[in-house]
Amino acid sequence: MNAVIDIGNTLTKIGIFHSRELKDFSAYEIISVEMLKKYFSDHSSIENVILSSVIEHDKNIIEYLKSEFRFIELSHKTKIPIENLYQSPETLGKDRLASAVGANSLFRNQNVLSIDAGTCIKYDFVNSKNQYLGGGISPGIEMRFKALNQFTDKLPLLNYRYFDKLIGENSEESILSGVMNGVVEEVKGIIARYEEQYPDIKVVFTGGYLKFFEKNFNIGSNEKSNIFADSFLVLKGLNQILEFNAK
């Protein structure tokens, strides 16, 4: 059995896999050696572990995992099942790389764009030659609300809630309209530009705001759909990397 640990900006997510099948999923706000010891005592069949982190984390976690399991800490030097053509691989976010590997595992030998909508909105593209080329990063939904509040004197700080009206009838609705409609049109425009270059492209959404995008995009609703959703895309990508290295 494999365990994959994804330490993100907001949450730490842990998935347990048997081969490619996700058997268990948990999410935590705080991760520590003590918490992991308790977690793995309840999952005694784990043999292989991979950890990916986009933040500075307690190095004792690494020492613990190394001592107990066959362990990989994802870095730009880790062997992966796609070719990485990013010009500065050492600066590439590990979550972006895992998302790209996950999308490629779903659509091997096809052009595929993964869109991870979380703290940031990350676009990552793998071509039909199974080569990762790069993508883009833009502010996430909460970040846009915070920017409007922090860089103006009078605009209030709003929290995310679903909103699809075009015309805001007061200041709060105007902010919601600008942010929520703006992010949808951004993503639609990015997808359209990829489709111009790669007409057969597949698109896979993931991330904390996945349900919001599911309401605004034609995700997997018919046989001709080219847009899909996978809540566990990053975890699946990490598991693919772990399996690839085990071989």
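Taking only C-alpha pairs under 8 Å that are 6+ residues apart, what is the relative contact order of the range 60-135 in percent? It comes to 26 percent, rounded to a whole number. Straight-distance candidates among the aspartates and glutamates for linking to residue 66, with alpha-carbon spacing under 19 Å and chain neighbours fewer than 8 residues away dropped: 6, 34, 42, 47, 56, 58, 243. Express the accessible area of the chain per residue in Å², computed with a 1.4 Å probe while the remaining protein chains stay in the model. Here the per-residue accessible area is 53 Å². Within the range 119-247, the percentage of alpha carbon pairs spaced more than 27 angstrom apart rounds to 30%. Partner lysines whose Cα lies under 23 Å from the Cα of residue 154, excluding those fewer than 8 positions away in the same chain, are identified as 146, 165. Between the helical axis of 59-68 and the longest alpha-carbon principal axis of the chain there is an angle of about 40 degrees.
Highest mean packing first, where packing is the average number of other Cβ atoms within 10 Å per residue, the peptides 148-158, 180-190 line up as 180-190, 148-158. Beta bridges per DSSP, both residues in the chain: antiparallel share near 55 percent. Checking every one of the GluC sites (Glu not before Pro) in the range 7-50 against DSSP loop status and a limit of 16 other Cβ atoms within 10 Å picks out 29, 47. Over what distance in Å are the Cα centres of the range 63-122 and the range 6-30 separated? When both Cα centres are located, 15 Å separates them.
Working ranking of peptides 119-129, 98-108 by packing, defined as the average number of other Cβ atoms within 10 Å per residue, highest first, is 98-108, 119-129. Taking packing as the residue-averaged number of other Cβ atoms within 10 angstrom, the listed peptides 87-95, 230-238 run from highest to lowest as 230-238, 87-95.
For the range 1-115, the fraction of 1.4 Å probe accessible surface lying on carbon and sulfur atoms is 45 percent.
Rounded to the nearest 10 degrees, the inclination of helix 141-150 to the longest alpha-carbon principal axis of the chain is 60 degrees.
The values are calculated or read from the model by the stated rules, or taken from the named source; none is laboratory data. Because the structure is predicted, anything quoted here is derived from the model rather than measured. For neighbour counting, all protein chains shown are included, and Cβ atoms are generated from backbone atoms with ideal geometry for every residue, glycine included. Surface areas here come from the heavy atoms of the whole protein model, side chains and all, with no ligands, DNA or RNA. Shrake-Rupley method; radii C 1.70, N 1.55, O 1.52, S 1.80 Å.
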